[in-house]
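Note sheet for the following structure.
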Amino acid sequence: MSSFTTCSSVDEFSPLQPVFPNLSPSEEMSVLIARIAELNRAKTIEPSVASSEASGQDGYAIFPNLSPSEEMSVLIARIAELYRAKTIEPSVASSEVFGQDGYGMNDDQFNLDEEEEDEQQEESKTPTKDVSADHLKAILERIGEIEKQQQQQTKAAEERFSQLQNDQKKILEKVSEIEKQTQKKVFLKFQENCWDAFACNKYIEIIGDKSLIVRHKRPSGLWYSVFAKYPIVLNKHLSDFFYYKISVQKKEKNWVMFGFAVKQQLNKLDGPIYCAKGTYAYENYGQIWINGKGKARNAQYSYDVGDIVGIGVNSATRQIIFTKNGLRLDTSGLVDPSFSDASEERFSQLQNDQKKLEKEQKQLQKENIVSEDHLKAILERIGEIEKQQQQQTKAFLQSQNDQKKILENILSEMEKQIQKKVLLKFQENCWDSFACHNELKIIGDKSLFVNYKGPSGWRSVFAKYPIVLNKHLSDFFYYKISVQKKEKNWPISFGFAVKQQTNLDRAIRCEIGTYAYENYGQIWINGEGKGTNAEYSYSVGDTVGIGVHLTSRQMIFTKNGLRLDTSDFLVDPSFADGSLNPFVTLLSFGDKIEANFGPNFKFDLETL
């Protein structure tokens, strides 16, 4: 086509004037139709590609100075004129197609031989199809509508895939949220359990290095209970079964019970727990308790000294299991659907969401089958999106396989975040009137003074807030007292102790879990005296303090602003997950002390 002569400007063109004067009308029409098809095809691809395609493969354009749409309008007008010319007499058509004066035809072309004239007369007798410019325009408009519909479908496909990506992102966010909410329970699942000293009645003694033996140490036949340190986690994705057992080593009289219960019911450590809602227990007289309701006793199920009995639960079926000396009891009908864990329901919901997403993906693939010729670029983008989805799905499945490791990492991160919410460390402390012997009087607007107002005897008071053994909150905890008044040379002791397990009318310094500084110059570590040093003694006018480094667990003792040489004294690691409360114990009538819980001290804590 590069050999054709083209028009340089649309202003030079008239539909009655031939575009290619050296071609016959049929040849000219073929060229024009081919060019229009080329322009029409170029409209269905991207603009950058269309610009190249509209100019032809060799850069050819009939009207180089026109845009593709302007050029198409001109060509359509010329084709319409050529079609109209075919519907009239050949001699007239020749004149009208090529101009009123016959412009564009060689003189030899007007001298037709007899054979050509006969053929022309035969053609004039054959009816021709009347194709008007309006008809051609309507066809092209229909083609434009189809192309517009295809573009809309393409845009809809892009939007649908974008929505699919957003849904995928939301599901992944939901997975992350579920992991954060269940991580603590899941993490505890993998820790070695034992009896909890902070959820134990004071008349029950926990024995052994691993805290697995408990003993009733009071002669009366009252109910006393103890809980394990960690709860069970009912999640079939982690473990299908949870079970533990006890062996009766010694029994004087009355009941023995064990099982599962809600730990928050700590106010029932001195009463029967088996009949509380949420309790599943096995009684030594052969009675089973399900959700606080007793079943009929069975003498064959009873147990005594020397027997080993157990209780468990199948996390998938919620079936409660009981055993005696290695044999399972016939309790197959004891199933409680309410015995569930919230994380199980959330995980099930997550699976349903994933199935819904996969179904939508398949449906989307069926609805968006488009022409490869017209949507090549779009299909490439869809391929990239599908590849990203496959990578995301693979990452999601991998995260499920590595769930334990991921949850442990999240737990570590959450522990750092939780530290910001724990305010006890930074609350202004004072003596607690609800943990104070009635013969001690708390004085002052800030409740920092304590005065002994009763007859002589051991009398104690605890601070309102405990210290928090958490290295993420602060590296050091410290407080001090000043002796305001002292009638007799009788003991005064202060320090840290377990608030929930201590009587207020006893010498707290010798209790397990107590760390104290006595006025005779004696240090007490975990209830054990470490000898007396006269240089460490204190009396009226002295200010003495006690503290602990939370990272190293090093105990600190001070007298009048100077640190004592007590580098060998450490807090027992068994109190890592609990809390200790400041306390003071007075013995003599008239004794008076003042406490300073900080944070303002006359010396720098960092130097201690």
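Exactly one condition in (1) buried (at least 18 other Cβ atoms within 10 Å of the Cβ); (2) assigned to a loop (DSSP other than H, G, I, E, B) is false for T558; which is it?
(2)
V584 fails exactly one of the following numbered conditions: (1) buried (at least 16 other Cβ atoms within 10 Å of the Cβ); (2) in contact with a Lys or Arg (Cβ under 9 Å, 6 or more places away or on another chain); (3) touching a residue at least 60 places away in the same chain (Cβ under 8 Å). What is the number of that condition?
(2)
Only one of (1) over 21 Å from W223 (Cα atoms); (2) out of contact with any strand residue (DSSP E or B) (no Cβ under 6 Å at 6 or more places or on another chain); (3) at pLDDT 90 or above is not met by S348, so which one is it?
(3) is the only condition that S348 fails.
Examine the range 178-195 for a residue that is part of a strand (DSSP E or B) and either over 25 Å from A395 (Cβ atoms) or at pLDDT 85 or above (or both), and state whether such a residue exists. Working first, answer last.
Taking the range 178-195 as the starting set, the residues that turn out to be part of a strand (DSSP E or B) are 195.
Next cut, either over 25 Å from A395 (Cβ atoms) or at pLDDT 85 or above (or both) only: 195.
There is at least one residue in the range 178-195 that is part of a strand (DSSP E or B) and either over 25 Å from A395 (Cβ atoms) or at pLDDT 85 or above (or both).
Run Y280 past the list (1) more than 39 Å from the chain's Cα centre (by Cα); (2) under 24 Å from K202 (Cα atoms) and report the number of the one that doesn't hold.
(1)
Quick check on this structure: which one of Q100, Q57 is assigned to a loop (DSSP other than H, G, I, E, B), modelled with pLDDT under 50 and closer than 27 Å to I378 by Cβ?
On the way: Q100 fails: closer than 27 Å to I378 by Cβ.
None of the others qualify; the one that does is Q57.
Is there a residue being on the phi < 0 side of the Ramachandran plot, modelled with pLDDT of 90 or more and assigned to a loop (DSSP other than H, G, I, E, B) anywhere in the range 517-529?
yes
Can you list residue pairs whose Cβ atoms sit under 8 Å apart, with the first residue in the range 249-276 being buried (at least 17 other Cβ atoms within 10 Å of the Cβ) and at pLDDT below 85 and the second being among the charged types (D, E, K, R) and in a helix (DSSP H, G or I)? Count only pairs 6 or more apart in sequence or on different chains.
Pairs that qualify, where the first residue is buried (at least 17 other Cβ atoms within 10 Å of the Cβ) and at pLDDT below 85 and the partner is among the charged types (D, E, K, R) and in a helix (DSSP H, G or I): there are none.
Y303: in contact (Cβ under 8 Å) with a residue 40 or more places away in the chain and either within 24 Å of N193 (Cβ to Cβ) or assigned to a strand (DSSP E or B) (or both), yes or no?
Values: in contact (Cβ under 8 Å) with a residue 40 or more places away in the chain: yes; either within 24 Å of N193 (Cβ to Cβ) or assigned to a strand (DSSP E or B) (or both): yes.
Taking the combined requirement at face value, the residue satisfies it.
Could you tell me whether I308 is hydrophobic (A, V, I, L, M, F, W, C), in contact with a strand residue (DSSP E or B) (Cβ under 6 Å, 6 or more places away or on another chain) and either touching a residue at least 60 places away in the same chain (Cβ under 8 Å) or surrounded by fewer than 11 Cβ atoms within 10 Å (Cβ to Cβ) (or both)?
yes
If you check N533 against the conditions, is it touching a strand residue (DSSP E or B) at 6+ places or on another chain (Cβ under 9 Å), in the same structural domain as T585 (by TED's automatic domain parsing) and buried (at least 16 other Cβ atoms within 10 Å of the Cβ)?
Values: touching a strand residue (DSSP E or B) at 6+ places or on another chain (Cβ under 9 Å): yes; in the same structural domain as T585 (by TED's automatic domain parsing): yes; buried (at least 16 other Cβ atoms within 10 Å of the Cβ): no.
Criteria not met by N533.
The values are calculated or read from the model by the stated rules, or taken from the named source; none is laboratory data. All figures in this text were calculated on a predicted structure; none of them were measured in a lab. FYI the Cβ positions are ideal-geometry reconstructions off the backbone, even for glycines, and counts take in every protein chain you see.
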